[in-house]
Ligand SMILES: *Cc1c(COP(=O)(O)O)cnc(C)c1O
């Protein structure tokens with residue numbers, strides 16, 4: 001028996017990929033599986049998505065893990081490579097490389113590899129993080145086109161900073177900066193992350209890059225995945241390991257920050273910041289026990305939380321507890337914890353076993 005586990009619903013992952021395709025029917029889908037597939041497990045998630053046209057990761061190590069586990073499909077390395085050894089390894093693994101700065105072009109110019117590489121030239125249209133500035137774009141494009149041997153493919157990508165905002169003004173500005181750069185080039189383009197896929201059809205272009213939406217979670221503060229036709233893929237589930245009764249006035253947990261206002265019953269649940277729950281989740285945030293919402297009582301500790309079950313039907317040691325997932329939206333806990341669902345999902349720690357169902 002496992003006290004805590006992250007149950008991953010592979011049917012939900014596939015349904016979300018289909019929902020994304022329905023939203024962007026003319027685009028190919030690059031499934032973003034960086035950061036251990038947003039906590040869902042890099043290899044099981046990729047293997048559960050045989051219909052994705054490509055996968056995207058941030059770091060070379062993630063791509064190596066996928067290839068080591070037999071993944072043959074296109075893998076795009078979103079941050080590219082940073083030295084000649086990484087480039088040689090990426091070439092050997094037949095990765096697609098994002099090229100976002102001159103250092104990477106220089107590495108490619110010096111590289112004498114066995115075969116040409118597929119490249120994605122990244123242009124910075126306003127995020128101001130990675131990518132060539134619009135005025136540098138043309139020179140970078142020409143240098144990449146002039147590589148010997150020529151790149152297997154040369155595509156263009158940009159990233160949106162504000163796609164989740166209802167007012168699409170910032171996105172429109174980014175598109176406006178991109179448009180003249182690619183006008184007249186017969187080139188495949190990729191712009192859209194999850195929020196843009198769901199809210200800004202004009203960004204869909206040749207390739208979309210969904211991360212969060214693939215996992216069934218909403219990138220918008222005001223909506224849940226279910227409202228967007230998505231199914232949450234992860235249910236973080238734990239177990240009641242002890243029961244406790246406290247008298248009115250007694251305190252619970254580190255610092256004694258929660259104090260019973262009445263005689264109370266508590267369930268102690270095996271989930272803590274050692275499993276990835278932020279310590280900042282406040283008392284009152286819900287967990288689900290036997291289908292009923294029970295508010296947290298006191299601080300999150302490393303291995304445990306306490307939930308107030310005074311108003312619940314009887315609870316037993318061994319009962320399952322949903323921390324977030326199919327019935328308790330991770331979006332809701334993120335709001336309570338003052339964070340975003342991305343951080344909660346990516347934060348699920350290594351000691352939590354992943355079970356793909
Ligand atoms: C992480 C990432 C994505 C996916 O973003 P979501 O908001 O999770 O859909 C897309 N593109 C790039 C470049 C990324 O780094």
Mind running the shape call on the stretch 10-217? Use the C-alpha gyration tensor, a ≥ b ≥ c as the square roots of the eigenvalues: rounded below 1.5 for a/c, prolate if a/b tops b/c, oblate otherwise.
oblate
Could you run the Debye sum over the Cα atoms of the chain, one equal point scatterer each and no solvent, and tell me log10 of I(q)/I(0) at q = 0.11, 0.12 Å⁻¹, two decimals?
-0.78, -0.88
Seen from all sides and averaged, what is the projected area of the convex hull of the Cα atoms in the stretch 86-181, in nm²?
6.4 nm²
How are the alpha carbon pair distances in the stretch 234-356 distributed across 5 Å bins from zero to the largest one, expressed in percent?
2, 12, 23, 26, 20, 11, 4, 1, 0
The ratio Rg/Rh over the Cα atoms of the stretch 114-230, Rh being the Kirkwood inverse mean 1/r radius, stands at 1.03
Output the peptides 127-140, 197-210 sorted from most to least packed, where packing is the average of other Cβ atoms within 10 Å over each peptide's residues.
197-210, 127-140
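Readers should treat all values here as calculations from the given coordinates under stated rules, not as data from a laboratory. Just so it is clear, the model here is predicted, and its values are computed rather than measured. Positions of Cβ are generated from backbone atoms using ideal geometry, with glycine treated the same way; all protein chains shown enter the neighbour counts.
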